[in-house]
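Laboratory data are not the source of any read-out in this text; all were calculated from the coordinates shown. Values in this document were obtained by computation on a predicted structure and should not be read as measured data. Quick reminder, even Gly has a Cβ in these numbers, built from the backbone with ideal geometry, and neighbours come from all protein chains shown.
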């Protein structure tokens, strides 16, 4: 591999690569505009921005390995200043995330920011059964907690290196493949090499330069980059489905008390409003007008 690129990491892209003959694959993701789009939705303080950026990068790395159509949700919950952090991604690439916090959030480890808590990874295939794994929220960062999840489950051995600053979130992942390998020490060797990476290098080096710096003695094949983006899946139609599920009696009661129904998506801060006319239309398809009902007899 030659190191010919210059400048910063390619923004909002995911790069896949494989180590030939080692049975190891890797991914590198860099979020710039996508990260800033998430941060712009709420006034996140700096100690909240870091784990949020780590989670966004991690979810994109993990969804890129999905072998099915569906959604992956990472959720961290704790008793400390950061109460909840949720990031969702799909096999198609878009990602969204949010965090809720109280009072002043300190810098430091996961325990200092989240208190006692747990990390849940939930896989929801479009077809098939839902799967969820839960591990304690422990370690210096979310990467360590996610690695613990893979260590406790029977998933493939996986390592992550995550870095976040004010402008971008970057993640590097290595994963051992289940196929037979010609080099039995390949996994340990590539992990040891990746462990030498510094956060500054993740945040500033283009992918070709970074891979050359870490793995220049290995045979690495780098694939074409794929775009990544922030995109919220909320819509007026989804909100309407939720309101219909409440039932007409409950919806009418809310409208009578408040004048209308206001719903704000926590992921993107988009507002949806339903007045009395909108509320009636939600259930109009379940009411047969008298003239139509009479004509049916």
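In table form, for the structure just shown:
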| quantity | calculated |
| --- | --- |
| Principal-axis tilt of helix 46-63 within the chain, Cα atoms, nearest 10 degrees | 80 degrees |
| Full-extension gain in nm, residue 224 to residue 248, via 0.36 nm per residue minus C-alpha separation | 3.5 nm |
| Computed over the stretch 13-227: relative contact order in percent, which uses C-alpha pairs under 8 Å that are six or more apart | 27 percent |
| Gain in span if fully extended, residue 129 to residue 257, counting 0.36 nm per residue against the direct Cα distance | 42.1 nm |
| For the stretch 113-188, Kirkwood radius (reciprocal of mean inverse C-alpha pair distance, Å) | 14.7 Å |
| Intensity falloff of the stretch 236-291 expressed as log10 I(q)/I(0), Debye formula with alpha-carbon point scatterers, at q = 0.28 Å⁻¹ | -1.21 |
| Two-site FRET efficiency, residue 216 against residue 103, from Cβ-Cβ distance with R₀ of 45 Å, rounded to 0.05 | 0.45 |
| In degrees, nearest ten, helix 142-152 long axis to first principal axis of the chain (Cα) | 90 degrees |
| Quotient of C-alpha Rg and 2.2 N^0.38 Å, computed over the stretch 58-127 | 1.24 |
| Compactness of the chain as Cα Rg over 2.2 N^0.38 Å, two decimals | 1.20 |
| Calculated FRET value between residue 275 and residue 92, using beta carbons and R₀ = 35 Å, to 0.05 | 0.55 |
| Full-extension gain in nm, residue 112 to residue 33, via 0.36 nm per residue minus C-alpha separation | 25.6 nm |
